[in-house]
Amino acid sequence: MSAVIELNEKQERISSNGKTHRPYLFTVKTYDAMIEKGILTENDQLELLNGRIIEKMPKGTKHSAYNDAITRFFYKNADDKCVIRNQNPIRLDDFSEPEPDIVLAEPPREKYLERHPGPEDILLIVEIADSTLYFDRDEKGPAYARAGIRQYLIVNVENRTVEDYRDPSGDGYQTKQTLKTGEKIDLVAFPEIEIPVGDLLPQ
């Protein structure tokens, strides 16, 4: 039984006439078919996580500014080492196709002409959390860990900190550090690159 199905079996069941029913889980195959047939469009601002189609929150000015600053940092410091993807889909498993803010993936970029990056391709995921902090921590974080994503950063806009998650497992990430301006983050995939936290937190 997959981790995603185990997770959904723990969710509250829908009761009707004394009977309980498990919620329907959308697969990536069904979700992608809905996009191809025009049932869902880019204007819908949706993503698939743990078999559920989730409406994404609109991006405010701070979120957009942080996204631009972080993307610029990676293009300046890691463009020759990886493929930098900005708010594009990844495929975690048969039930999850989220759209993280920033993903660093294994090159070459040509292989993503036919498919989205999967866990074996992904070097780092960054989510910028303004109004989505708890969702990024409690929903996306465990999903990324179960998929084996080796490093996950949450940029906390309100507190101006960066949460660094590592050592993924089926029970979530086993280590977490919270860093602030003046400290540095090293990348699991590229230990030679140290990121000043302040570079990810524009004024």
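Summary table below
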read-out	value
Subset of region 40-58 (residues that are open to solvent by 80 Å² or more (accessible area, probe 1.4 Å) and out of contact with any Asp or Glu (no Cβ under 7 Å at 6 or more places or on another chain))	Glu42, Asn43, Glu55, Met57, Pro58
Wholly within region 1-92, strands (runs of 3 or more DSSP E) carrying at least 2 residues that are at pLDDT 85 or above	46-49, 52-55, 83-86
Any hit, region 191-200, residues being over 17 Å from the mean Cα position of the chain (by Cα) and more than 20 Å from Tyr66 (Cβ to Cβ)	yes
Entirely in region 96-203, the strands (runs of 3 or more DSSP E) that have 2 or more residues that are more than 24 Å from Phe26 (Cα to Cα) and at pLDDT below 95	194-196
Single unsatisfied condition, Arg91 versus (1) farther than 25 Å from Val157 by Cβ; (2) open to solvent by less than 50 Å² (accessible area, probe 1.4 Å); (3) in contact with a helix residue (DSSP H, G or I) (Cβ under 9 Å, 6 or more places away or on another chain); (4) in contact (Cβ under 8 Å) with a residue 24 or more places away in the chain	(2)
Cβ-Cβ under 6 Å pairs, at least 6 apart or on other chains, region 54-80 side farther than 20 Å from Leu124 by Cβ, far side of a type outside the set (D, E, K, R) and open to solvent by less than 20 Å² (accessible area, probe 1.4 Å)	Lys62/Val157
Single residue of region 106-139 satisfying the filter (under 17 Å from Asn67 (Cα atoms) and of a type in the set (Gly, Ala, Ser)) that is surrounded by the fewest Cβ atoms within 10 Å (Cβ to Cβ)	Ser131
Tally of residues being surrounded by 15 or more Cβ atoms within 10 Å (Cβ to Cβ) and out of contact with any Asp or Glu (no Cβ under 8 Å at 6 or more places or on another chain) across region 71-86	7
Selected residue (criterion: farthest from Tyr66 (Cα to Cα)) from residues of region 140-187 that are open to solvent by 50 Å² or more (accessible area, probe 1.4 Å) and basic (Lys, Arg)	Arg146
Pick from region 94-105, criterion within 24 Å of Val155 (Cβ to Cβ) and not aliphatic (A, V, I, L, M), ranking: most open to solvent (accessible area, probe 1.4 Å)	Glu99
Some residue of region 104-116 being touching a Ser or Thr at 6+ places or on another chain (Cβ under 9 Å) and of a type outside the set (A, V, I, L, M)	no
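The values are calculated or read from the model by the stated rules, or taken from the named source; none is laboratory data. No experiment lies behind these values; they were computed from the predicted model shown. We place every Cβ from the backbone using ideal geometry, glycine too, and count neighbours over all the protein chains shown. These accessible areas exclude ligands, DNA and RNA; they are computed on the full protein's heavy atoms, side chains included. Shrake-Rupley method; radii C 1.70, N 1.55, O 1.52, S 1.80 Å.
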